[in-house]
1. Rounded to whole Å and sorted largest first, what semi-axes of the equivalent ellipsoid does the C-alpha gyration tensor of the range A:49-103 yield via the square root of 5 times each eigenvalue?
2. At R0 = 35 Å, how high is the FRET efficiency between A:Ala17 and A:Glu69 if r is their beta carbon distance? Nearest 0.05 is fine.
3. Hey, could you get me the Stokes-Einstein D for the protein assembly as shown, Kirkwood radius over alpha-carbon pairs, 4 °C and 1.567 mPa s, rounded to whole µm² s⁻¹?
4. Ignoring the sites themselves, what is the longest stretch of chain A with no trypsin sites (Lys or Arg not before Pro) in a DSSP loop and at most 15 other beta-carbon atoms within 10 Å?
5. How far apart, in nanometres, would the label points at B:Glu17 and A:Ala53 be if each is projected 7 angstrom from Cα along the Cα-to-Cβ direction?
6. Read phi for every residue in the range B:101-114 and hand back ³J(HN,Hα) as whole Hz from Karplus 6.51 cos²θ - 1.76 cosθ + 1.60, θ = phi - 60°, with x for Gly and Pro.
7. Please give the average number of partner chain Cβ atoms lying within 10 Å of the Cβ of each residue in A:39-52, rounded to a whole number.
8. Determine the per residue accessible area of chain B with all protein chains present and a 1.4 angstrom probe, expressed in square angstrom.
Amino acid sequence: GNSVTQMEGPVTLSEEAFLTINCTYTATGYPSLFWYVQYPGEGLQLLLKATKADDKGSNKGFEATYRKETTSFHLEKGSVQVSDSAVYFCALIRMFSGGYNKLIFGAGTRLAVHP
Amino acid sequence: DVKVTQSSRYLVKRTGEKVFLECVQDMDHENMFWYRQDPGLGLRLIYFSYDVKMKEKGDIPEGYSVSREKKERFSLILESASTNQTSMYLCASSPGQGGNYEQYFGPGTRLTVT
C-alpha cells in the first residue's frame, strides 16, 4: 500500500544551522509529493511540492528533490531561523479511479530552533 | 486569498453528546476532507467528499458521519461523543482537477470529550 515514513522528532537546532528532515515513501507508480508545515496554533500550509521524478520543489529557502531511486523526498534548508519552528509533514497523493484523490501523510516532525 | 474556516477553535463536550463540526470554504472547490490529528500518528483521514451529497469513508470513519448539502460546506458529526474522540480536527478542501491537488486547510478545532 501507499505510505510515508518521516524521521522522528523533535529536531532541535541552533539558529543558522543546516536542516535535513528525512522522508521516504512507498507507492505504486510516481505520485506527487508534498511538504506541509504547521505553525503553532494553526492549520497546515503547503510548503513545497514536486510532481515527477527529479523535480525539485522550493519555497522560503526550503528545498526537496523527488528521488525515485531511493523513494525519498528529504526536506533541507541551509540556514534555519527561530521562525521556522513548526511541525513538518511529508505527504504523497493517492489517486482513485473516480477522479478524486487523497493525501497520505507521514507522522510529522517537530522542529525547534533556538537563538 | 483562499480560505477554509472552521466553526470553533476549541470545543468541550460530554460523553454521549452529539457534536457538529462545521467547515466552510470559499474557493468553489469540489473536494473536501476531514482529518484528525493525534501526536505521533500524523493526520488520518476520516471522511471526504468529492461532490455535493457525495461522501466516501477514509481510513478511520468509525464513530463519525458527514454531511455535504452545499458545495461550500462540509460537516463532521459525532453521533455519540466518546473520550477517544478527543483530538484536533482539521478540515481541508482542494479543486482536485487539472492536476492541481493542493489541499487547503482550516485552522483546526481542538475537541475535548470529558
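The values are calculated or read from the model by the stated rules, or taken from the named source; none is laboratory data. Only a predicted model underlies this, so the values are computations on that prediction, with no experimental measurement involved. Virtual Cβ from ideal backbone geometry, glycine too; neighbours counted across all protein chains shown. Note: areas computed on protein heavy atoms with side chains; ligands, DNA, RNA excluded. Shrake-Rupley method; radii C 1.70, N 1.55, O 1.52, S 1.80 Å.
1. Values for the range A:49-103, descending: 25, 15, 9 Å.
2. For A:Ala17 and A:Glu69, the calculated efficiency is 0.80.
3. 71
4. The reported range is A:1-51.
5. Going from the B:Glu17 label point to the A:Ala53 one covers 5.3 nm.
6. 10, 4, 9, 10, 9, x, x, x, 10, 8, 9, 10, 10, 10
7. 3
8. Counting only protein heavy atoms, the per-residue value for chain B is 48 Å².
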